[in-house]
């Protein structure tokens with residue numbers, strides 16, 4: 001009888017330890033509504049993917065879905081709205097990378113019991129916007145580049161790691177958007193008001 005109670009107590013203890021006591025984080029996604037569309041004085045939008053994913057360490061964009069290049073393409077398709085009667089605006093994606101590197105691991109016994117940072121996630125987005133308006137002879141070129149990084153602790157789960165990656169991508173996209181909007185103000189005639 002006593003042995004049965006001890007065994008049941010042990011099973012209850014281990015089942016209680018395996019229960020989650022927190023809400024799982026939600027993977028954030030790109031929302032086109034987060035970015036105000038711009039009416040561009042052009043007839044069409046062209047997106048050129050000049051970034052070739054290396055497909056090897058430390059680059060990991062080929063393993064992430066959606067990858068930064070796809071998110072940047074969606075951003076352009078939803079933000080740069082052609083509204084003119086002629087001309088074109090081109091987004092040349094020069095870089096859309098995710099680099100994941102390992103951070104120093106504990107080598108002392110006292111450091112084994114702390115939650116150190118395990119990985120660094122760095123997202124870089126770089127592109128060139130080219131605007132050609134043949135009727136008025138106006139042209140414009142601007143470069144936009146943004147880098148965002150974060151670190152992930154050793155205790156993070158695979159889902160928490162994915163959330164950190166996607167949040168870093170969206171942070172880089174927000175920086176790219178800010179840079180683009182600040183630079184576009186210098187190009188007279190590109191935005192239709």
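Every number here is computed from the coordinates shown, using simple stated rules; none is lab data. Keep in mind it's a predicted model, so treat the numbers as computed, not measured. No Cβ is skipped: glycine too gets one built from the backbone with ideal geometry, and neighbour counts run over all protein chains shown.
Can you work out the FRET efficiency for the pair residue 192 and residue 145, with r the C-beta to C-beta distance and R0 = 41 Å, to the nearest 0.05?
Working: r = 26 Å, r/R0 = 0.63.
With R0 = 41 Å, the Cβ-Cβ based efficiency is 0.95.
Pairs of Cα atoms nearer than 8 Å and 6+ residues apart set the relative contact order; for the range 27-184 it is 23 percent.
Under 11 Å from a label point set 7 Å out along the Cα-to-Cβ vector of residue 46, no amide N atom of the range 174-193 is found. When the P(r) is computed for the range 27-184, the part past 29 Å accounts for 29% of the Cα-Cα pairs.
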